[in-house]
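Asks: After the structure tokens below, expect a handful of questions from me.
Nothing in this text is a laboratory measurement; each read-out follows from the coordinates by a stated rule. Worth saying up front: this structure is predicted, and the values here are computed from it rather than measured. Cβ coordinates were reconstructed from backbone atoms using ideal geometry, including for glycine residues, and neighbour counts include every protein chain displayed.
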Amino acid sequence: MKVLKNIKIIFPDKIEKGSIIFSDRIEKIIIKEKDVCQEKGSSLDIIDGGGYYLSPGFIDIHFHGVAGFDTMDASQEALLHIRESLPESGVTSFLPTTISMPIEDLIRSLEAIRIAMRKERTGSTGARILGCHLEGPFINKKYKGAHAEENIILPDLELIKNFIDIIKIVTLAPEIEGAEELISFLRAKGIICSAGHSGATYEEMLKALRSGISHITHLFNAMPGLHHRDPGIIGTALTTDISIELIADLIHIHPAVLQLVLQAKDLNQIILVTDQMRAGTLEDGEYEFGGQPVIVKEGIARLADGSLAGSRLTLDQAVRNISRISSLPLYKIINMVTYNPARLLGLDDELGWIRAGNRADFVLLDKGLKVKSVFKDGLRIY
Ligand SMILES: [Zn+2]
């Protein structure tokens with residue numbers, strides 16, 4: 001058993017100084033420092049947390065790639081590099097996310113994710129794969145964003161049926177033909193249906209909410225803007241309790257619009273995501289995303305037609321960005337990358353918050369919110 005002492009523990013509703021006793025799980029949380037000394041007799045391995053913040057491990061539910069590798073590479077090598085790269089940004093769990101590609105490519109990627117999940121053991125040093133986020137290919141061609149039009153198709157239940165064990169979220173356009181049947185199939189299997197790359201009207205969204213849409217993929221991006229006579233997806237997001245993703249790189253959404261959302265939306269329903277693509281952590285240059293060439297210039301990834309093509313955002317940077325543009329208490333921002341995604345995925349009984357019995361996934365952050373150290377299942381992985 002180990003003890004992390006001299007830390008400021010970030011809970012979902014407060015921050016308190018204290019210590020944590022843990023193995024691969026959190027065993028005990030001690031708020032008064034002196035109690036730790038009394039436990040000393042029991043051969044505890046004591047780690048000094050240096051007065052840093054202790055956050056739960058970050059969870060990224062919309063992430064394509066990093067360090068030159070992408071989920072669509074469909075190889076164990078790519079997934080391994082991705083998993084090993086993520087802890088430096090505080091991420092301990094994630095959903096590798098696909099993009100619209102020919103069905104054979106999607107199948108290969110999903111099979112690779114399944115193999116990687118089966119091979120994963122406690123004690124591995126990379127971030128944990130929680131399943132897959134299938135982004136497309138059942139989306140609206142008009143709001144394709146970085147998805148190649150020729151790969152966008154109408155709902156195909158056969159593709160999904162073989163992977164219900166690993167698919168956690170499907171981003172789809174609720175207004176397309178066959179979407180309603182797809183949504184009811186996915187809901188029956190416990191898979192989260194997320195509206196995205198969509199031009200759904202407000203009325204279509206209300207109907208989709210009743211059918212089982214419960215989340216919105218990268219709100220504002222790849223959808224019509226907010227119009228006062230045509231509120232659409234954004235109007236639905238701001239007037240219902242549906243959960244939303246935000247890409248808080250300050251490029252995909254203007255800081256003023258982020259501030260608007262932070263004021264208008266229940267903060268418990270906001271999830272920060274990166275939408276990071278393979279150029280993440282690398283230099284400007286030419287890359288590939290979803291089978292299309294991408295140019296990364298001054299940190300911004302675009303297709304030749306100028307469409308934004310994923311991001312180079314890391315989740316720790318998203319936290320720092322929100323902290324900089326808002327005056328929210330830190331625990332409310334940390335919830336957006338820990339507790340809120342864990343609740344969406346139905347995994348908050350073991351992940352996403354500091355509680356006895358939960359997995360010992362931690363991130364130590366300094367006062368500038370830079371990642372100093374990361375633990376997964378109680379092992380230091382960064
Ligand atoms: Zn994406």
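Asks: Show which lysines lie in cross-link reach of Lys142 when reach means a straight Cα distance below 22 angstrom and same-chain residues fewer than eight apart are skipped.
Replies: Within reach: Lys207.
Asks: Distance cut-off 29 Å, Cα to Cα: go down the list Lys14/Lys144; Lys141/Lys376; Lys332/Lys370; Lys141/Lys332; Lys5/Lys332 and report the pairs above it.
Replies: Too far apart for the 29 Å limit: Lys14/Lys144; Lys141/Lys376; Lys141/Lys332.
Asks: Going by amide H atoms built from the backbone, whose H comes under 5 Å of the H on Gln276, apart from near neighbours?
Replies: His64, Gly65, Ser311
Asks: Let me ask you something else. Work out, step by step, the length gained on full extension between Arg210 and Leu267: first 0.36 nm times the residue separation, then minus their alpha carbon distance; give nm to one decimal.
Replies: 18.3 nm
Asks: In percent, how large is the relative contact order of the chain, given Cα pairs closer than 8 Å and 6 or more residues apart?
Replies: Reported relative contact order: 21 percent.
Asks: Grab the eigenvalues of the alpha-carbon gyration tensor for the stretch 57-352, scale each by 5, take roots, and send me the semi-axes largest first in whole angstrom.
Replies: Largest first, the stretch 57-352 gives 24, 23, 20 Å.
Asks: Right, here's the next one. Taking a ≥ b ≥ c as the square roots of the eigenvalues of the Cα gyration tensor of the stretch 233-382, is the shape rounded (a/c under 1.5), prolate (a/b larger than b/c) or oblate?
Replies: oblate
Asks: Suppose the chain between Ser184 and Arg121 were pulled fully straight at 0.36 nm per residue; how much longer would it get relative to their current alpha carbon spacing?
Replies: 19.3 nm
Asks: Further question on the same structure: According to a simple spin-label model (label point 7 Å from Cα along Cα-to-Cβ), what is the distance in nm between Ser23 and Ala256?
Replies: Here the modelled spin labels are 5.6 nm apart.
Asks: What are the residues whose amide H is under 5 Å from the amide H of Ala360, where those residues sit 5 or more places off or on another chain and H is modelled from the backbone?
Replies: Here the answer is Arg25, Ile26, Asp377, Gly378, since their amide H atoms fall under 5 Å of that of Ala360.
Asks: R0 = 51 Å: FRET efficiency of Glu149 with Ser327, Cβ-based, nearest 0.05?
Replies: FRET efficiency, Glu149 to Ser327: 0.75.
Asks: Taking 0.36 nm per intervening residue step and subtracting the Cα-Cα distance, what contour gain separates Ile46 from Arg302 on full extension?
Replies: 87.4 nm
Asks: Only helical DSSP H runs with n ≥ 4 go in: add -39500 (n - 2.57) per run for the chain, normalise by residue count and round the 222 nm mean residue ellipticity to 500 deg cm²/dmol.
Replies: -7500 deg cm²/dmol
Asks: Relative to a virtual label point 7 Å from the Cα of Lys141 in the Cα→beta-carbon direction, which members of the stretch 198-215 show backbone nitrogen distances below 17 Å?
Replies: From the stretch 198-215, the list is 198-200.
Asks: On to the next question. Set Lys and Arg Cβ to +1 and Asp and Glu Cβ to -1, take the dipole of the chain about its Cα centre, and tell me which of Leu351, Tyr53, Asn140 lies farthest positive.
Replies: Highest projection toward the positive end goes to Tyr53.
Asks: Also: Taking +1 at the Cβ of each Lys and Arg and -1 at the Cβ of each Asp and Glu, which of Gly199, His64, Leu303 sits farthest along the dipole of the chain towards its positive end, judged by Cα position relative to the Cα centre?
Replies: Among Gly199, His64, Leu303, the one farthest towards the positive end of the dipole of the chain is His64.
Asks: Please state the relative contact order of the stretch 53-183 as a whole percent: Cα pairs under 8 Å, 6+ residues apart?
Replies: Relative contact order here is 24 percent.
Asks: Among Asn221, Asn140, Asn335, determine the one that fluctuates most according to a GNM of the chain built with springs between C-alpha atoms less than 10 Å apart.
Replies: The residue that fluctuates most here is Asn221.
Asks: Also, quick follow-up: Zone of Asp230 (label point 7 Å along Cα→Cβ, backbone N under 13 Å): which residues in the stretch 286-328?
Replies: Those under the cut-off are none; the list is empty.
Asks: Taking the Cα centre as origin and putting +1 on Lys and Arg beta-carbons and -1 on Asp and Glu beta-carbons, what dipole magnitude results for the stretch 252-333, to the nearest 20 debye?
Replies: Rounded to the nearest 20 debye, it is 360 debye.
Asks: Only four residue types carry charge here, +1 at the Cβ of Lys and Arg and -1 at the Cβ of Asp and Glu. Report the dipole size of the chain about the Cα centre in Debye, rounded to the nearest 20.
Replies: 1460
Asks: Once the Cβ-Cβ distance between Ser75 and Lys367 is put in as r, and R0 is 41 Å, what FRET efficiency do you end up with, to the nearest 0.05?
Replies: The calculated FRET efficiency here is 0.55.
Asks: Here is a follow-up. In percent, how large is the relative contact order of the stretch 1-125, given Cα pairs closer than 8 Å and 6 or more residues apart?
Replies: Relative contact order here is 21 percent.
Asks: Excluding Leu369 itself, what net charge comes from residues whose Cβ is under 11 Å from its Cβ, given Lys and Arg +1 and Asp and Glu -1?
Replies: +3
Asks: Let me ask another. Quick one: putting +1 on the C-beta of Lys and Arg, -1 on the C-beta of Asp and Glu, what dipole do you get for the stretch 90-139 around its Cα centre, in Debye to the nearest 20?
Replies: The dipole of the stretch 90-139 has a size of about 320 debye.
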